[in-house]
1. Return the residues of segment 25-70 that are among the hydroxyl-bearing types (S, T, Y), surrounded by 13 or more Cβ atoms within 10 Å (Cβ to Cβ) and modelled with pLDDT of 95 or more; say none if nothing qualifies.
2. I need every pair where a residue in segment 93-112 that is free of Cβ contacts under 8 Å to residues at least 24 places away in the same chain and among the hydrophobic types (A, V, I, L, M, F, W, C) has its Cβ under 6 Å from the Cβ of a residue that is part of a helix (DSSP H, G or I) and surrounded by 14 or more Cβ atoms within 10 Å (Cβ to Cβ), sequence separation at least 6 or different chains.
3. From the list Q81, Q92, which residue is modelled with pLDDT under 95 and either surrounded by 12 or more Cβ atoms within 10 Å (Cβ to Cβ) or touching an Asp or Glu at 6+ places or on another chain (Cβ under 6 Å) (or both)?
4. Among the residues of segment 100-132, write down those that are more than 15 Å from V30 (Cα to Cα) and among the hydroxyl-bearing types (S, T, Y).
5. Only one of these is without any contact (Cβ under 8 Å) to a residue 40 or more places away in the chain and β-branched (V, I, T): V20, V16, V12, V46. Name it.
Amino acid sequence: MANGAQTKKVLVGLSVKLEVLTKDKLRKFVFGVKKTQENDVDTWSVDFELFDRASATAAFVQALMLTTDINLKAVPVESVQATADKGLSKSQIEYVLTTLAADAAKFKANTIKDLRMKRTVSGLFLARDAGA
């Protein structure tokens with residue numbers, strides 16, 4: 001360091017939007033991943049939105065919106081940070097198109113509760129490949 005001075009970089013806020021569009025282009029899954037910091041404590045949250053449309057050229061309509069805090073005792077912060085930094089991994093995309101899509105349909109039909117859907121959304125980060 002110049003003159004013996006020390007420097008430090010601290011990321012206190014971050015906001016990233018990640019999108020997955022289905023192959024038929026009829027559904028779009030959007031994840032707004034946010035990191036905030038208060039009193040030196042990091043908090044992560046995710047805004048999940050699902051958009052549907054009748055044809056690939058029609059306008060998307062919001063079908064579902066859900067916001068949840070990510071429980072960092074259940075979800076490794078490294079997985080959340082890696083997803084925010086690098087985007088979705090292949091295994092996460094597969095999770096979105098299978099598990100999350102199925103639970104989103106059940107949630108829209110009122111056959112699963114809010115808490116279950118929030119757990120499914122948080123599970124996105126658990127689906128990240130190690131090292132990806």
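The values are calculated or read from the model by the stated rules, or taken from the named source; none is laboratory data. Model, not experiment: these values are computed from the prediction. Using ideal geometry, Cβ is built from the backbone for each residue, glycine included, and neighbour counts are taken over all protein chains shown.
1. Matches in segment 25-70: S45, T67, T68.
2. Every condition considered, the pairs that remain are I112/K106.
3. Q81
4. T111 - this is the single residue of segment 100-132 that is more than 15 Å from V30 (Cα to Cα) and among the hydroxyl-bearing types (S, T, Y).
5. On inspection, the qualifying residue turns out to be V12.
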